[in-house]
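Trainee: The structure under discussion is supplied below as structure tokens; questions concerning it will follow.
The values are calculated or read from the model by the stated rules, or taken from the named source; none is laboratory data. Every value quoted in this text rests on a predicted model; they were computed, and no experiment measured them. All Cβ positions, glycine included, derive from the backbone under ideal geometry; neighbour counts span all protein chains shown. The accessibility values were calculated without ligands, DNA or RNA, using every heavy atom of the protein model including side chains. Shrake-Rupley method; radii C 1.70, N 1.55, O 1.52, S 1.80 Å.
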Amino acid sequence: MDNTAEFKQRLANTHRDGVGELIDWLDTTDFFHAPASTRFHDAWEGGLLKHSLRVHDWLQTLVAFYTEIPLANGQMADLTPESVAITALCHDFCKIGLYKTEMRWRKDKFNRWEQYSTYKCDEDFPFGGHGSKSVYLVQHFIKLSPAEAAAINCHMGSWDQSPYGKPSAVFETNPLAWLLHVADEAASYNVKEDKHV
């Protein structure tokens with residue numbers, strides 16, 4: 001199964017109301033072909049799709065490891081396979097329509113000028129927030145639980161410099177949020193790039 005079919009199957013398996021419409025919408029976007037960044041992790045065609053699948057794999061592994069996570073109030077966290085799939089697969093929807101190709105110049109190994117293709121940020125829909133934009137886009141189609149919305153919103157952890165709240169406060173009360181952040185970091189930094197889409 002190719003990565004696009006795998007992603008769609010994993011998301012459809014959540015059986016969340018509206019997930020079919022969400023998948024149909026994704027087909028109208030660049031999600032399945034977009035890079036995950038301009039020059040950092042998965043900065044190649046299809047990188048965003050591959051990164052999202054990798055985050056889901058990592059999050060499943062982490063949740064299996066942390067099977068019993070008590071909340072501050074002593075209750076147990078609800079880390080359902082459905083919540084794990086939705087948060088991991090949808091956490092970077094903010095990157096839809098974000099990266100465009102452009103041609104640049106550089107010198108080759110013989111010190112001759114050559115043109116090459118690269119990515120630049122040129123957002124179709126400026127929103128002003130990374131995680132918050134993903135939450136906004138997802139909730140056009142499916143209803144997120146408060147824990148899911150907070151997890152997606154705070155998945156950047158300390159990389160998100162918002163003055164309006166500290167992700168650490170969310171992590172203390174929402175294990176899904178902390179685990180999604182760790183899975184995103186692992187998928188970004190601890191895996192060699194696999195450009196096979």
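Trainee: For residue 92, which of the numbered conditions (1) under 19 Å from residue 24 (Cα atoms); (2) among the acidic types (Asp, Glu); (3) surrounded by fewer than 20 Cβ atoms within 10 Å (Cβ to Cβ) fails to hold?
Mentor: Evaluating residue 92 over (1) under 19 Å from residue 24 (Cα atoms); (2) among the acidic types (Asp, Glu); (3) surrounded by fewer than 20 Cβ atoms within 10 Å (Cβ to Cβ) leaves (3) as the failure.
Trainee: Which residue is surrounded by the fewest Cβ atoms within 10 Å (Cβ to Cβ), if the candidates are limited to the stretch 121-152 and must be among the aliphatic types (A, V, I, L, M) and closer than 18 Å to residue 34 by Cα?
Mentor: The extreme case among them is 137.
Trainee: Provide a single number: the residues in the stretch 160-177 that are of a type outside the set (Gly, Ala, Ser) and either within 19 Å of residue 59 (Cα to Cα) or modelled with pLDDT of 80 or more (or both).
Mentor: 8
Trainee: Out of all the residues in the stretch 44-74, which are open to solvent by 70 Å² or more (accessible area, probe 1.4 Å), modelled with pLDDT under 90 and either outside any helix (DSSP H, G or I) or within 11 Å of residue 119 (Cβ to Cβ) (or both)?
Mentor: 66, 67, 68, 70, 72, 73
Trainee: Please work out if residue 30 is in a loop (DSSP other than H, G, I, E, B), of a type in the set (D, E, K, R), in contact (Cβ under 8 Å) with a residue 12 or more places away in the chain and out of contact with any strand residue (DSSP E or B) (no Cβ under 9 Å at 6 or more places or on another chain).
Mentor: It is false that residue 30 is in a loop (DSSP other than H, G, I, E, B), of a type in the set (D, E, K, R), in contact (Cβ under 8 Å) with a residue 12 or more places away in the chain and out of contact with any strand residue (DSSP E or B) (no Cβ under 9 Å at 6 or more places or on another chain).
Trainee: Let me ask you something else. Go over the candidates 141, 125 one by one and state the one that is part of a loop (DSSP other than H, G, I, E, B), at pLDDT below 85 and among the hydrophobic types (A, V, I, L, M, F, W, C).
Mentor: After ruling out the rest, the residue left standing is 125.
Trainee: Given (1) without any contact (Cβ under 8 Å) to a residue 60 or more places away in the chain; (2) outside any helix (DSSP H, G or I); (3) among the β-branched types (Val, Ile, Thr), where does residue 135 come up short, assuming only one miss?
Mentor: Of the numbered conditions (1) without any contact (Cβ under 8 Å) to a residue 60 or more places away in the chain; (2) outside any helix (DSSP H, G or I); (3) among the β-branched types (Val, Ile, Thr), the odd one out for residue 135 is (2).
Trainee: Given the conditions (1) in contact (Cβ under 8 Å) with a residue 12 or more places away in the chain; (2) touching an Asp or Glu at 6+ places or on another chain (Cβ under 6 Å); (3) surrounded by fewer than 14 Cβ atoms within 10 Å (Cβ to Cβ), report the number of the one that residue 97 does not fulfil.
Mentor: Looking at each condition in turn, residue 97 falls short on (3).
Trainee: Still on this model: Answer with yes or no whether residue 109 is in a loop (DSSP other than H, G, I, E, B), open to solvent by 70 Å² or more (accessible area, probe 1.4 Å) and touching a residue at least 12 places away in the same chain (Cβ under 8 Å). Before you say what the answer is, go through the steps one by one.
Mentor: Values: in a loop (DSSP other than H, G, I, E, B): yes; open to solvent by 70 Å² or more (accessible area, probe 1.4 Å): yes; touching a residue at least 12 places away in the same chain (Cβ under 8 Å): no.
Against the criterion (in a loop (DSSP other than H, G, I, E, B), open to solvent by 70 Å² or more (accessible area, probe 1.4 Å) and touching a residue at least 12 places away in the same chain (Cβ under 8 Å)), residue 109 does not qualify.
Trainee: Which of (1) more than 17 Å from the chain's Cα centre (by Cα); (2) in contact (Cβ under 8 Å) with a residue 12 or more places away in the chain; (3) open to solvent by 30 Å² or more (accessible area, probe 1.4 Å); (4) over 22 Å from residue 10 (Cα atoms) is the odd one out, the single condition residue 41 does not satisfy?
Mentor: It fails just one condition, (1).
Trainee: Among all residue pairs at least 6 apart or on different chains, which show Cβ distances below 6 Å where the first residue, located in the stretch 12-26, is in contact (Cβ under 8 Å) with a residue 12 or more places away in the chain and the second is surrounded by 15 or more Cβ atoms within 10 Å (Cβ to Cβ) and aromatic (Phe, Trp, Tyr)?
Mentor: That search, which allows pairs on different chains as well, returns 18/141; 21/141; 22/141.
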